[in-house]
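One structure is given below, encoded as structure tokens.
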Amino acid sequence: MSKRIRIAGLATLLLAALALGSGCDSLTAQSKTPKPPAVGQSDQQEPSGQDGQAGEAGQNGQAGESGQTGANGQAEKPSKPVAGQPGSVTVLVNKKVGLPSGFQPPNLVDDRELPFLSGEGGEKRLMAKETAEALKKMFADAKRDGIYLSVASAYRSNATQTQLFNYYVQTQGEAEARRYSAVPGHSEHETGLAVDVSGSDGKCAVEDCFADLPEAKWIADHVDQYGFIIRYPKGKESITGYAYEPWHLRYVGTELAAELRAKDLTMEEYFQID
Ligand SMILES: [Zn+2]
């Protein structure tokens with residue numbers, strides 16, 4: 001019986017995770033992934049990575065300024081851009097750079113005006129206030145163009161991420177777990193600044209096929225105007241560490257979003273993080 005109970009417990013955790021949306025991280029229906037995580041769950045994981053992240057360290061990538069300039073003392077070369085501290089909209093979180101332990105986004109809101117795929121409540125409805133405000137504007141403008149968007153998932157607490165990650169470690173071993181689940185502290189969804197967006201019909205939500213839909217095209221063409229970036233763009237997989245995720249948007253503010261778009265840079269490239 002204990003085994004049965006155990007399985008039931010895992011299933012419950014999984015369902016909870018699904019309900020939470022889990023971001024791109026593992027638990028989301030993905031067609032291509034290797035192994036289906038045990039207990040009847042369909043969702044999957046993005047291959048290399050969804051938003052979960054794996055990695056180590058937990059520093060926050062700042063590099064300090066270093067106005068390291070070249071050769072002859074033309075001293076004042078601009079120092080390289082420095083990512084924001086946790087809690088800032090320009091914070092960098094990836095496989096190598098994690099959030100400090102115990103980090104809690106400062107301004108999470110549950111904005112009832114934002115449409116979600118699932119009508120349920122829960123933490124996945126939460127997001128940073130600036131993220132919610134920008135998203136509402138974006139959704140309203142998209143609607144004017146005949147594009148109806150919804151949120152599949154937004155915030156995920158470190159506790160939830162930890163549960164999920166541990167679940168994968170227990171069932172499939174750490175190496176596999178790291179392939180498609182975020183190491184706690186390394187998921188952008190823990191910042192409240194990341195949202196997984198889909199069409200309001202939920203078609204291909206958090207799946208690769210979303211890339212071919214008109215909603216994805218509209219998003220790609222307009223996100224930066226609202227302060228978002230497609231955090232894991234196509235062609236930059238080796239830099240971000242993640243497969244292309246046309247649905248995973250990261251709020252960075254309009255200024256940085258515009259600059260990243262204009263220069264075709266990822267956050268890693270912009271902040272010169274290896
Ligand atoms: Zn995501």
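The values are calculated or read from the model by the stated rules, or taken from the named source; none is laboratory data. Just so we're clear, the structure is a prediction, and the values are computed from it rather than from any experiment. A quick note on method: Cβ atoms are made from the backbone with ideal geometry, for glycine too, and the neighbour counts reach across all protein chains shown.
Taken together, the residues in region 118-137 that are surrounded by fewer than 21 Cβ atoms within 10 Å (Cβ to Cβ), over 16 Å from His189 (Cα atoms) and modelled with pLDDT of 95 or more amount to 3. Condition test on Arg178, is it under 21 Å from Leu99 (Cβ atoms), of a type in the set (D, E, K, R) and in contact with a strand residue (DSSP E or B) (Cβ under 8 Å, 6 or more places away or on another chain)? For Arg178, the condition - under 21 Å from Leu99 (Cβ atoms), of a type in the set (D, E, K, R) and in contact with a strand residue (DSSP E or B) (Cβ under 8 Å, 6 or more places away or on another chain) - is not met. When region 236-253 is filtered for residues that are closer than 17 Å to Ala194 by Cβ and away from the ligand (no atom under 16 Å from the Cβ), only Gly253 remains.
Which of the residues belonging to region 230-239 are surrounded by fewer than 22 Cβ atoms within 10 Å (Cβ to Cβ) and touching a helix residue (DSSP H, G or I) at 6+ places or on another chain (Cβ under 6 Å)? Don't jump to the end; show me each part of the working.
In the first step, residues of region 230-239 are kept if they are surrounded by fewer than 22 Cβ atoms within 10 Å (Cβ to Cβ); the result is 233-239.
Answer for region 230-239, where residues must be surrounded by fewer than 22 Cβ atoms within 10 Å (Cβ to Cβ) and touching a helix residue (DSSP H, G or I) at 6+ places or on another chain (Cβ under 6 Å): just Ile239.
Restricting attention to region 104-117, the residues that are part of a loop (DSSP other than H, G, I, E, B) and either more than 28 Å from Pro184 (Cβ to Cβ) or among the β-branched types (Val, Ile, Thr) (or both) add up to 3. Look at Ala128 and say whether it is closer than 21 Å to His222 by Cα and either over 16 Å from the mean Cα position of the chain (by Cα) or in contact (Cβ under 8 Å) with a residue 12 or more places away in the chain (or both). When the stated conditions are applied, Ala128 passes them.
Between Glu188, Glu207, which is among the charged types (D, E, K, R) and within 13 Å of the chain's Cα centre (by Cα)?
Numbers: Glu207 fails: within 13 Å of the chain's Cα centre (by Cα).
Among Glu188, Glu207, only Glu188 is among the charged types (D, E, K, R) and within 13 Å of the chain's Cα centre (by Cα).
Sort out which residues of region 150-189 are away from the ligand (no atom under 16 Å from the Cβ) and not in a helix (DSSP H, G or I), and write them in order of number. Once the filter is applied, which keeps residues that are away from the ligand (no atom under 16 Å from the Cβ) and not in a helix (DSSP H, G or I), region 150-189 yields only Gly173.
Filter region 198-223 for residues that are touching a Ser or Thr at 6+ places or on another chain (Cβ under 8 Å) and without any contact (Cβ under 8 Å) to a residue 60 or more places away in the chain; which is farthest from Ser88 (Cα to Cα)? By that ranking, first place goes to Cys204.
What tally of residues in region 190-219 results from selecting those that are in a helix (DSSP H, G or I), more than 19 Å from Phe139 (Cβ to Cβ) and out of contact with any Leu (no Cβ under 8 Å at 6 or more places or on another chain)?
4
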